[in-house]
Amino acid sequence: MTGKAAGHVSHESASSSPDALEVSPGWQHENLEGWVPALASEEETRKALEKAFDYRGDVTITRKDGTTVEGYLFDRKTGPTLADSLVRVLPKTSNQRVMIPYSDIAALSFTGRDTAAGKSWEAWVKKYMEKKAAGEKDIGLEPEALE
């Protein structure tokens, strides 16, 4: 047997055409502002801190000793246990970077405004087209004030 009946596939298939290539869907932005996740298990703690790392706003971490740190979670290092894993936070009130082991975290809340919410390319194009339809001139890509 030869050809398709024998399982041979032509390498000149439609997939070699850029128009026929699979297009990956965009990432859906999750609204986490105001969320206070349960940290009852190790898995829940790890998942919540991963989301906090991706969050573009401030979070508030309450340590097991009752102290709190509010700021931007900019780094995390994961290890085999919660004691071997840590987050690094830039507090709102200082330039001192704070390291907090996962095992010291009693609570987490997404307290700051998510600066990335509604900032997708599609949202910008929609606003641009609305302004253009309204007859505005000199429309540009201007950043929003953070606070």
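The values are calculated or read from the model by the stated rules, or taken from the named source; none is laboratory data. Keep in mind that what you see is a predicted model, and the values were worked out from it rather than measured. Here the Cβ is made from the backbone with ideal geometry for all residues, glycine too, and neighbour counts use every protein chain on show.
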Flagged pairs (Cβ under 9 angstrom, 6 or more apart or on separate chains; first in the stretch 69-85, under 25 Å from ASN95 (Cβ atoms) and without any contact (Cβ under 8 Å) to a residue 60 or more places away in the chain; second in a loop (DSSP other than H, G, I, E, B) and among the aromatic types (Phe, Trp, Tyr)) are TYR72/TYR55; LEU73/TYR55
Within the stretch 31-67, residues out of contact with any Phe, Trp or Tyr (no Cβ under 9 Å at 6 or more places or on another chain) and either among the acidic types (Asp, Glu) or surrounded by fewer than 12 Cβ atoms within 10 Å (Cβ to Cβ) (or both) come out as ASN31, ALA38, ALA40, SER41, GLU43, GLU44, GLU50, ASP54, LYS64, ASP65, GLY66, THR67
Taking the stretch 86-107 and keeping residues in contact (Cβ under 8 Å) with a residue 60 or more places away in the chain and under 20 Å from the mean Cα position of the chain (by Cα) leaves ALA107
Among the residues of the stretch 120-147, the number that are surrounded by 10 or more Cβ atoms within 10 Å (Cβ to Cβ), at pLDDT 70 or above and in a loop (DSSP other than H, G, I, E, B) is 2
Every listed condition ((1) of a type outside the set (Lys, Arg); (2) within 19 Å of the chain's Cα centre (by Cα); (3) under 12 Å from ALA106 (Cβ atoms)) holds for ALA40 save (2)
In the set GLU50, GLU33, GLU12, GLU22, the lone residue that is in a helix (DSSP H, G or I), at pLDDT below 95 and on the phi < 0 side of the Ramachandran plot is GLU50
Among residues of the stretch 79-119 being modelled with pLDDT of 95 or more and of a type in the set (Val, Ile, Thr), the residue farthest from LEU39 (Cα to Cα) is VAL98
